[in-house]
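Visitor: The following block contains the structure, expressed as structure tokens.
The values are calculated or read from the model by the stated rules, or taken from the named source; none is laboratory data. Nothing here was measured: the structure is a model prediction, and the numbers come from that model. FYI the Cβ positions are ideal-geometry reconstructions off the backbone, even for glycines, and counts take in every protein chain you see. Heads up: the accessible areas ignore ligands, DNA and RNA and are worked out on the full protein's heavy atoms, side chains in. Shrake-Rupley method; radii C 1.70, N 1.55, O 1.52, S 1.80 Å.
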Amino acid sequence: MKLKLHVWRQNGPGNEGRFEDYVAENVSEHMSFLEMLDVVNEQLIARGDEPIAFDHDCREGICGSCGFMINGEPHGPLPSTTVCQLHMRNYRDGDELWIEPWRATAFPVIRDLIVDRSPLDRIVQAGGYISVRTGSAPEANNIAVPKANADLAMDAAECIACGACVAACPNASAMLFTGAKVTHLGALPQGQPERYTRVVEMVTMHDDEGFGHCTNHGACQTACPKNIKVDYIGRLNADLRKAKFRHPAG
Amino acid sequence: MELNSRIPAGPVDEKWSRHRFEMKLVNPANKRKHKVIVVGSGLAGAAASATMAELGYDVDCFCFQDSPRRAHSIAAQGGINAAKNYQADGDSVQRLFYDTVKGGDFRAREANVHRLAEISLNIIDQCVAQGVPFAREYGGNLANRSFGGAQVSRTFYARGQTGQQLLLGAYQALEKEVRSGKVRMHTRHEMLDLVLIDGRARGIVTRDLMNGAIESWAADAVVLATGGYSNVFFLSTNAKGCNVTAIWRAHRRGAGFANPCFTQIHPTCIPPSGDYQSKLTLMSESLRNDGRIWVPVKQGDTRPPKDIPEAERDYYLERHYPSFGNLAPRDIASRRAKEAVDEGRGVGPSGVGVYLDFRDSIGRLGRDVIAERYGNLFDMYANITGENPYEVPMRIYPAPHYTMGGLWVDYNLMSTVPGLHVAGEANFSDHGANRLGASALMQGLADGYFILPLTIGDYIARMKPDDVDTSHPAFADVEREVREQAERLLSINGSRTVNDFHRELGALMWEYCGMARSEEGLRTALRKIPELREQFWRDVRVPGGAATLNQSLEHAGRVADFLEFAELMCYDALDRDESCGGHFRVEHETAEGEARRDDERFAHASVWEFTGVGNTPKKHREELTFESVQLAQRSYK
Amino acid sequence: MRRVFSLWDSTVGKKIMMATTGVILIGFVVGHMIGNLKVYQGADAFNHYAEGLRTVGEPFFGSGQLLWIIRIVLLAAVGIHILAAVQLVMRSRKARAIGYRKYEGDMVFSYASRTMTWGGLIILGFVVYHLMHLTFGNAHPDFVHGNAYHNFVTGFQSWPVSIAYILTMIPLGFHLYHGFWSMLQTFGATNPKMNHVRRPIAAALAGVVVLGNISFPVAVLAGLVGY
Ligand SMILES: Cc1cc2nc3c(=O)[nH]c(=O)nc-3n(C[C@H](O)[C@H](O)[C@H](O)COP(=O)(O)OP(=O)(O)OC[C@H]3O[C@@H](n4cnc5c(N)ncnc54)[C@H](O)[C@@H]3O)c2cc1C
Ligand code: HEM
Ligand code: HEM
Ligand code: SF4
Ligand code: F3S
Ligand code: FES
């Protein structure tokens, strides 16, 4: 099949960007979306142009490196799928695709489709951990964890920090990401001692990084490749409220 | 090059505790004056950085991704072993030790493996305390499963994302130390060379991938935790960015490279679908518990699988290994699949693949049971191939997956270059000629959390204090070389892309130094690799500039190193004139087609010294002695 | 108190303030609608109710005092609600300074959530007009102080006025629908067992208020309520 691509090209942070048009020919339905771009890139290089830069690494949907907007949808049209796992059989001959980087003031464009997602790391730095000095941990089975809590923690821990939630949210909020980590650690007995300081610190960092607030639109949940639920934002909100009113951390 | 493995004296189960007592300690007040560089933020690198920072060292950690959490460890699915014996099924440190030595086909160092088995217990405690959401039983205790043919259930797992959860645990610990200022994290920085001063590793030179800046970093000790080099085959289960650059550059500067030919091929990957294929996806090995592997009896049989009658199907693993059947070990299952394909009996559009058929188990257990066991894997397969594995048999094919070889290290995880330590998949340490499932994660975390932070202290405590920093002329020299290489790559402006060369090298390695290796094939490879390398340096086209984000340039540097390293791999494979573990020399098979070890001549680690590009490398040996485990031929008949 | 003020420090805290004030406003709107139902019992009952509003709380409060307290609370709630809304909306604009060429996000989240700001502004405009219309009378052609029933009936006998009332109830309904659901989320009332009923409850609440309110002008125009 043959596709018409409009791809955002931008040489560096702060540079003017623009859409460039390309034609992707002989696209096989078995290609992944990134493989389709690989082929386009090989042609660009042969032609003496610079290839389209995009982040990627594992190409298995787990590292969270990849991600951009395809026709206005983060990671493309398939639910629960990263763009590296999106295959071209989801498109038809002649389709026209607009490919844009994540747009958020907190995620400045570095080049083409690559954005700077380091604010997500800083949100984790603010409190997304359980403090335990290596070697000082108690025997693992000393604290039983109800299976339901373990499962909830795991559901929330599946987040890959791809940033699609921020990209999808009309307010460019990273609450889904933040809520997922707060829920993961808050669901486990090991996470209790730091639970309330964690939520306050993480939300403060979230706001300081320039993300928008959450107005409970739910676009993030639809975009999330790992099925992270907006319920976790509710849990974060509840934890913050408790931190403010019941806990010394407030 | 001198190989002193520094294995402590005493019985194998007392060596580590004795060694811990004998190691020198750094005065706590001085620790923050000591700088350590850690390259890599996977399980090994993140764990080491976080722990050393907790101990008080001043740490600089580097990774080439945009976040330390994206290191390739994130992709590990199956699980992590530990001899906790929670299932009370007879497991013990002793048994894990034994299984690992035997699994590695007696090419690993006993002392290291025993230490690994001991530490496995602490790893689980540590990870649980960090909040790693391991699978649990209804009673709230940790769940286990058996993995990779082990006879006890000792594998801990977090859904199909064990590596992800373990890495996030280490990553979170690391980020905590970043916040406290004890670790400076340098993301999107690629290490391009190692700097030696007076024969010791004293720093590295990196390229800032955002803007191309070449920078120097000095420290008292350097740790490489840069992962494996399976991408020398181009197509592998590893992430696209996995590379040999860091350890290869260190090797060029004097670090011995041990057993480079020990690579592991994983039997259950999704076959390539076309020449645009960029990587291969691993399907969990657990599928072999219920799937039956077969190919048509006739060559070139292109009928759809459902039209091939029972009598014309060859369930070759069940035929060759009646007792293990479809669960035959990874290397055997892989080799048999390649054989079938080479005979022209492969399946699928490309003819490269064998069937993994669930028809019978769906018939026996029902579709629901199969869906419950493997639903997510089936979905992943369907998403990638567009075929429904409930209706049509899956197609699988082996792919390079893990590299047991790596920089040689002593018991303290220090390479032959003083001060240069190596952890995780990047070193050669614990798996011998073959790695058991679920033990790479264990080794990465053992190295990172529990071994390196102590042994590095011993090294630093013995060091004479000095005030080396990046103003030392050695840094400027290396920086210049690094810059020159980039400029040279950019100025060739030839006709072929980097990817094109990488693909060609990969195909060549897969053909001649892949699953089955022969003297003739390896000699051919040794002739072709230098030719390809010469072509690369004459005809590669790297667009763009040096002072911006330039992914072609990054890739070009990595491929340039693979082109040198591939030759070493073939030298090693040629030299190791026996079959063992993942290394199969067609000249050495038993009558039944099994690997035949040669303990007389090859019970050693081959450690190679760099003698210049294109020159024959120099071999050294570390003899391996087996005192606690009896040397035995494995048999899966 | 320090803790309440410190809520203002974070976006989540501001949302908690918005939701709290939102609850007060919802309470008022619902109560107001129920009170207005008295109109169906005739002029005396309605006027008595309107008068009663001024005398509730007696003898503990003087005439009109409790009403003023309620008014102040309402005013403060509206003030805080709007202040938070404005700050958050500005923040959201800044957080996505550069928009998308193509954006399908609109398809995903509900119409109601997308129109919270516009809905709020329309409600604000409506309330100003509504006060001038039925409370102060300066927007009422035939306003009689002290006779709420009269003002009510003659007011809605004007077609344009009635249509304006009816039309503004629609954005109010959306605001209530998303607002109520969103409030539960903001308070973190996300008990998994209750999740599936949150949307229906919000819809029911919005529906009852909208239908109840629309019934008043309709009833007047249809002659069901009159003299
Ligand atoms: C698909 C898959 C599934 C697996 N499943 C299992 C399993 O179930 N159980 C198991 O035990 N093992 C499994 N393994 C193996 C295991 O995951 C790896 O061996 C292990 O995670 C390696 O960890 P590491 O810390 O050594 O390296 P990695 O996690 O690969 O980290 C390497 C780090 O080094 C950095 N780096 C590399 N080069 C440079 C450079 N030049 N400059 C700067 N930084 C650099 C990278 O940025 C990265 O941070 C699996 C492997 C794969 C591929
Ligand atoms: C007076 C003019 C009003 C304006 C300008 C206004 C504006 C807004 C805006 C913009 C929001 C979305 C806030 C966000 O989540 O970002 C909102 C939420 C809300 N509004 Fe209003 N509103 C007004 C009146 C009302 C009234 C009268 C009610 C009650 C009937 C009400 C109840 C709510 C509720 C419950 C929320 C949800 C709060 C949350 O998300 O937790 N609002 N309002
Ligand atoms: C069709 C629906 C409505 C009708 C028929 C109606 C009717 C009235 C009447 C008759 C009064 C005057 C009472 C008096 O002064 O004695 C009044 C006051 C008021 N109404 Fe409404 N109303 C309606 C909808 C609303 C809505 C939707 C809101 C807010 C969002 C609202 C807010 C108010 C306020 C704030 C007052 C002033 C109360 C006070 O005296 O402080 N009304 N309304
Ligand atoms: S919550 Fe979902 S969309 Fe957001 S970063 Fe995590 S995985 Fe990506
Ligand atoms: S889309 Fe945005 S508004 Fe909240 S629910 Fe998701 S973060
Ligand atoms: S490349 Fe890793 S998630 Fe897509």
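Visitor: Please give the number of the condition A:Gly64 fails out of (1) away from ligand 4 (no atom under 13 Å from the Cβ); (2) open to solvent by less than 30 Å² (accessible area, probe 1.4 Å); (3) outside the structural domain of A:Cys162 (by TED's automatic domain parsing); (4) among the small types (Gly, Ala, Ser).
Guide: All conditions are met except number (1).
Visitor: Now for a different question. Search region C:190-227 for residues being open to solvent by less than 50 Å² (accessible area, probe 1.4 Å) and within 16 Å of ligand 5 (Cβ to nearest atom), and hand back the single one that is nearest to the other protein chains (Cβ to nearest Cβ).
Guide: The selected residue is C:Thr190.
Visitor: Go through region B:497-591 and tell me which helices (runs of 4 or more DSSP H), entirely inside it, have 2 or more residues that are without any contact (Cβ under 8 Å) to a residue 24 or more places away in the chain.
Guide: Output list reads B:498-513, B:519-539.
Visitor: Wholly within region C:50-120, which helices (runs of 4 or more DSSP H) include no fewer than the required count, namely at least 3 residues that are at pLDDT 85 or above and within 14 Å of chain A (Cβ to nearest Cβ)?
Guide: It comes to C:65-95.
Visitor: Identify, please: which residue in region C:107-123 is open to solvent by 70 Å² or more (accessible area, probe 1.4 Å) and without any contact (Cβ under 8 Å) to a residue 60 or more places away in the chain and is, among those, farthest from ligand 5 (Cβ to nearest atom)?
Guide: C:Ile122
Visitor: Shifting gears a bit: Quick one: is C:Tyr100 more than 19 Å from C:His32 (Cβ to Cβ) and either touching a Lys or Arg at 6+ places or on another chain (Cβ under 6 Å) or surrounded by fewer than 18 Cβ atoms within 10 Å (Cβ to Cβ) (or both)?
Guide: Answer is yes for this residue.
Visitor: From the list B:Gln77, B:Gln94, which residue is surrounded by fewer than 24 Cβ atoms within 10 Å (Cβ to Cβ) and either at pLDDT 95 or above or not in a loop (DSSP other than H, G, I, E, B) (or both)?
Guide: Every option except B:Gln94 fails the conditions.
Visitor: Provide a single number: the residues in region B:142-172 that are within 11 Å of ligand 1 (Cβ to nearest atom), touching a Phe, Trp or Tyr at 6+ places or on another chain (Cβ under 7 Å) and of a type in the set (A, V, I, L, M, F, W, C).
Guide: 2
Visitor: For region A:178-194, give me each residue that is more than 11 Å from chain B (Cβ to nearest Cβ) and open to solvent by 10 Å² or more (accessible area, probe 1.4 Å).
Guide: Correct list: A:Pro193 only.
Visitor: When the residues of region C:164-181 are narrowed to those that are of a type in the set (Gly, Ala, Ser) and surrounded by fewer than 23 Cβ atoms within 10 Å (Cβ to Cβ), which ends up farthest from the other protein chains (Cβ to nearest Cβ)?
Guide: C:Ala164
Visitor: With B:Val113, B:Val132, B:Val152, B:Val101 as the choices, which residue is crowded, with 24+ Cβ neighbours inside 10 Å and more than 26 Å from B:Leu624 (Cα to Cα)?
Guide: Answer to the selection: B:Val132.
Visitor: Which one of the conditions (1) over 22 Å from the mean Cα position of the chain (by Cα); (2) open to solvent by less than 10 Å² (accessible area, probe 1.4 Å) does B:Gly56 fail to meet, given that it meets all the rest?
Guide: The number of the failed condition is (2).
Visitor: Continuing with the same structure: For region A:195-229, which residues satisfy the criterion of being facing chain C (nearest Cβ under 10 Å), part of a loop (DSSP other than H, G, I, E, B), of a type in the set (S, T, N, Q) and open to solvent by 20 Å² or more (accessible area, probe 1.4 Å)?
Guide: A:Thr215
Visitor: Here is a follow-up. Give A:Ala150, A:Ala144, A:Ala137 a once-over and let me know the one that is more than 19 Å from the chain's Cα centre (by Cα), free of Cβ contacts under 8 Å to residues at least 40 places away in the same chain and assigned to a helix (DSSP H, G or I).
Guide: The unique qualifying residue is A:Ala150.
Visitor: Take region A:154-170 and flag every residue that is assigned to a loop (DSSP other than H, G, I, E, B), open to solvent by 10 Å² or more (accessible area, probe 1.4 Å) and either facing another protein chain (nearest Cβ under 8 Å) or within 8 Å of ligand 5 (Cβ to nearest atom) (or both).
Guide: Correct list: A:Glu158, A:Cys169, A:Pro170.
Visitor: Looking at region B:193-220 only, could you name the residues that are small (Gly, Ala, Ser) and closer than 13 Å to B:Ala547 by Cα?
Guide: B:Gly212, B:Ala213
Visitor: Any residue that is among the basic types (Lys, Arg) and within 28 Å of A:Asn227 (Cβ to Cβ) - is there at least one of those in region A:108-116?
Guide: No, that holds for no residue.
Visitor: From B:Leu489, B:Leu454, grab the single residue that is touching a residue at least 24 places away in the same chain (Cβ under 8 Å), in the same structural domain as B:His604 (by TED's automatic domain parsing) and either in contact with a helix residue (DSSP H, G or I) (Cβ under 6 Å, 6 or more places away or on another chain) or under 26 Å from B:Lys35 (Cβ atoms) (or both).
Guide: None of the others qualify; the one that does is B:Leu489.
Visitor: Give the residue, chosen from A:Arg103, A:Arg59, A:Arg111, A:Arg117, that is buried (at least 19 other Cβ atoms within 10 Å of the Cβ), more than 16 Å from ligand 3 (Cβ to nearest atom), under 13 Å from the mean Cα position of the chain (by Cα) and facing chain B (nearest Cβ under 7 Å).
Guide: Being buried (at least 19 other Cβ atoms within 10 Å of the Cβ), more than 16 Å from ligand 3 (Cβ to nearest atom), under 13 Å from the mean Cα position of the chain (by Cα) and facing chain B (nearest Cβ under 7 Å) holds for just one of A:Arg103, A:Arg59, A:Arg111, A:Arg117, which is A:Arg117.
Visitor: Quick one: which strands (runs of 3 or more DSSP E) sit completely within region B:103-218 and have at least 1 residues that are in contact (Cβ under 8 Å) with a residue 12 or more places away in the chain and within 12 Å of another protein chain (Cβ to nearest Cβ)?
Guide: Where strands (runs of 3 or more DSSP E) fall fully within region B:103-218 and carry at least 1 residues being in contact (Cβ under 8 Å) with a residue 12 or more places away in the chain and within 12 Å of another protein chain (Cβ to nearest Cβ), they are B:183-186, B:200-208.
Visitor: Additional query: Within region B:36-44, is there a residue that is touching a residue at least 60 places away in the same chain (Cβ under 8 Å), over 23 Å from the mean Cα position of the chain (by Cα) and under 18 Å from B:Lys176 (Cα atoms)?
Guide: Looking for residues that are touching a residue at least 60 places away in the same chain (Cβ under 8 Å), over 23 Å from the mean Cα position of the chain (by Cα) and under 18 Å from B:Lys176 (Cα atoms), one finds at least one in region B:36-44, hence yes.
Visitor: Something else now. I'd like to check something: does region C:8-19 contain any residue that is part of a helix (DSSP H, G or I), away from ligand 2 (no atom under 14 Å from the Cβ), within 14 Å of another protein chain (Cβ to nearest Cβ) and more than 14 Å from the chain's Cα centre (by Cα)?
Guide: Scanning region C:8-19 turns up at least one residue that is part of a helix (DSSP H, G or I), away from ligand 2 (no atom under 14 Å from the Cβ), within 14 Å of another protein chain (Cβ to nearest Cβ) and more than 14 Å from the chain's Cα centre (by Cα).
Visitor: Just give me the residues in region C:151-164 being in contact with a Gly (Cβ under 9 Å, 6 or more places away or on another chain) and touching a residue at least 40 places away in the same chain (Cβ under 8 Å), in sequence order.
Guide: Answer for region C:151-164, where residues must be in contact with a Gly (Cβ under 9 Å, 6 or more places away or on another chain) and touching a residue at least 40 places away in the same chain (Cβ under 8 Å): C:Val153, C:Gln157, C:Val161, C:Ser162.
Visitor: Answer with yes or no whether A:Gly12 is within 14 Å of chain C (Cβ to nearest Cβ) and either at pLDDT below 95 or in contact with a helix residue (DSSP H, G or I) (Cβ under 6 Å, 6 or more places away or on another chain) (or both).
Guide: The answer is no for A:Gly12.
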